[in-house]
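Report on one structure; see the data block that follows.
The values are calculated or read from the model by the stated rules, or taken from the named source; none is laboratory data. All figures in this text were calculated on a predicted structure; none of them were measured in a lab. Positions of Cβ are generated from backbone atoms using ideal geometry, with glycine treated the same way; all protein chains shown enter the neighbour counts.
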Amino acid sequence: MPPYALRDPQSGAGCDIELGRGLTYTVAARTPADIDAALEQLLDLPGSQVADSVGGLINNINILENIALPALYHRVARIAEVEQSILEAFAACGLDAAQATALLGRRPGELTSFEKRLAGFVRSLLSHPQVLVYSRFFEGLTRTEMTRAAALNTVYRRRHPEGTAVYLMLRDMPDLQPECHHRFEMGET
């Protein structure tokens with residue numbers, strides 16, 4: 001599979017992202033607008049999903065409905081299989097059945113910043129992404145929560161060993177992904 005050329009619209013500089021090889025990339029941007037430009041490019045890739053800093057959740061439905069809705073709409077799984085898949089994904093992330101069930105019954109406004117990211121991450125996993133983009137995933141988290149959030153990529157790797165992970169972050173954020181294969185600086189210096 002040929003590499004995907006992620007381009008900085010300001011400078012024209014680029015980063016070749018090799019797909020289907022199980023690699024992890026970090027794109028460090030100067031501004032939120034630079035991150036948005038990179039995200040827009042990456043979401044054009046077939047099989048791409050985003051796990052972002054707010055979880056991408058709908059506030060007036062519970063977490064189970066938030067996670068299940070895309071899978072049911074896109075017919076990724078049947079209704080009977082969706083809840084089991086969700087519980088298995090949460091288990092892979094370190095939550096037991098009671099913790100996961102409690103989280104699934106809550107609404108987004110009742111979740112911590114980390115729990116929102118976790119719910120959005122699990123929703124992305126159900127789509128079997130070829131490319132998982134972590135957009136500003138660590139912002140607003142404590143150092144301990146950042147470490148827990150970084151560990152979620154291990155769950156993605158176990159489920160999709162050939163998938164591509166891309167972290168989009170502001171330059172001043174710590175890079176907590178020890179298995180990063182390539183780092184690209186985006187935006188004017």
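Observations on the structure shown:
- Qualifying positions in region 1-30 - among the hydroxyl-bearing types (Ser, Thr, Tyr), farther than 23 Å from Leu118 by Cα and modelled with pLDDT of 90 or more: Tyr4
Residue by residue, here is whether (1) within 12 Å of the chain's Cα centre (by Cα); (2) part of a loop (DSSP other than H, G, I, E, B) holds:
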position	(1), (2)
Tyr134	yes, no
Phe137	yes, yes
Thr144	no, no
Tyr156	yes, no
Tyr167	yes, no
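- The helices (runs of 4 or more DSSP H) falling completely within region 31-117 that include 1 or more residues that are modelled with pLDDT under 90 and exposed (fewer than 14 other Cβ atoms within 10 Å of the Cβ) map to 63-73, 79-92.
Table: residues versus (1) in contact with a Lys or Arg (Cβ under 7 Å, 6 or more places away or on another chain); (2) within 30 Å of Gly12 (Cβ to Cβ).
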position	(1), (2)
Leu87	no, no
Gln99	no, no
Arg106	no, no
Arg117	no, no
Val131	no, yes
Tyr134	no, yes
Thr154	no, no
Met169	yes, yes
His181	no, yes
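- Residue in region 77-86 that is closer than 28 Å to Tyr25 by Cβ and among the small types (Gly, Ala, Ser) present: yes
- Filtered residue count, region 16-30, keeping only those that are in contact (Cβ under 8 Å) with a residue 24 or more places away in the chain and assigned to a strand (DSSP E or B): 7
Matching residues to (1) modelled with pLDDT of 95 or more; (2) on the phi > 0 side of the Ramachandran plot:
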site	(1), (2)
Arg123	no, no
Leu132	yes, no
Arg136	no, yes
Arg148	no, no
Leu170	no, no
Met186	no, no
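- Residue satisfying condition, being farther than 30 Å from Ile79 by Cβ, crowded, with 22+ Cβ neighbours inside 10 Å and of a type outside the set (Ser, Thr, Tyr), within set Met169, Met146, Met173: Met169
- Among the residues of region 118-132, those identified as within 13 Å of Ile86 (Cα to Cα) and either in a loop (DSSP other than H, G, I, E, B) or not small (Gly, Ala, Ser) (or both) are Leu118, Phe121, Val122, Arg123, Leu125, Leu126, Ser127, His128.
- The residue that is surrounded by the most Cβ atoms within 10 Å (Cβ to Cβ), among those in region 1-13 that are touching a residue at least 40 places away in the same chain (Cβ under 8 Å) and assigned to a strand (DSSP E or B), is Leu6.
- Contact annotation: residue pairs with Cβ atoms under 7 Å, 6 or more positions apart or on different chains, pairing a residue in region 44-58 that is over 20 Å from Met169 (Cβ atoms) with a partner that is buried (at least 20 other Cβ atoms within 10 Å of the Cβ) and of a type in the set (A, V, I, L, M), are Gly47/Val131; Leu57/Ala119.
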